[in-house]
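The structure appears below as structure tokens.
What follows draws every value from the coordinates through simple rules; no lab data is involved. Because the structure is predicted, anything quoted here is derived from the model rather than measured. Glycine also receives a Cβ, built like all others from the backbone with ideal geometry; neighbour counts cover every protein chain displayed.
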Amino acid sequence: MKMKINVIRAGLLALVVMGATWSANGQDMRSLVREFAQLRADMRILQEDQKVLLDRITVLSQENVAKDAQIAELQKMLTMQETRIQGIEKDLIMRLEQLRRALESEQVSRRKDLETAVGSMAAEISKLDKVATNASAVANAASAAAARRQQPPPPAYSGSYKEIEVKRGDTLSVIAQAVGVPISTLRQINNLKSDTIFVGQKLKIPVVQK
């Protein structure tokens, strides 16, 4: 645009020079005036266009400034949001760590309580076992005493003995039952270390006093 204006100005200058040269010819002078007027009109149009363009450039510059301000504001807001998000993440991580520690502490406490409860139960079970053992011993003693009371008194022996010979099929328990003498008594009198006896063996049998 500026170059075009300069060209028009150069044209006007040339017309002035030519007007001075052709001043003797009236027709040429009128033609020159018309061309000069046309050039001035074109120059006014160009100046108006230049003004419009300058105004447009000014508006665009202002819009760019406004856009830059908006971009700066958005960047500021974005930075604030990122800072806020970082703060939230940090707070969340801290809370999760506190929760983890609380859970670990709770687990340790419950484990200790459970171990204490198990120890107490074991102690109670041990006490119950002792009570049961004592009760069983007492019951066994009572049963033994009752059995002793119910058993007939041991037979009284006269001090004399009779001798028998062990036959095939005899056992010490069979012989003791047959003669009415306890097996322990037969073992003691015959110096037997066990209940084993042999065919043809001689055994002393105490005579019961009548």
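Results, tabulated for the structure shown:
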read-out	value
Cα gyration tensor, the range 156-208 - rounded (a/c under 1.5), prolate or oblate	prolate
Inter-label distance, nm, simple model (7 Å from Cα along the C-beta direction), residue 36/residue 77	6.2 nm
Gain in span if fully extended, residue 201 to residue 184, counting 0.36 nm per residue against the direct Cα distance	4.4 nm
Label-point gap, in nm, between residue 92 and residue 116 - each point 7 angstrom along Cα→Cβ	3.8 nm
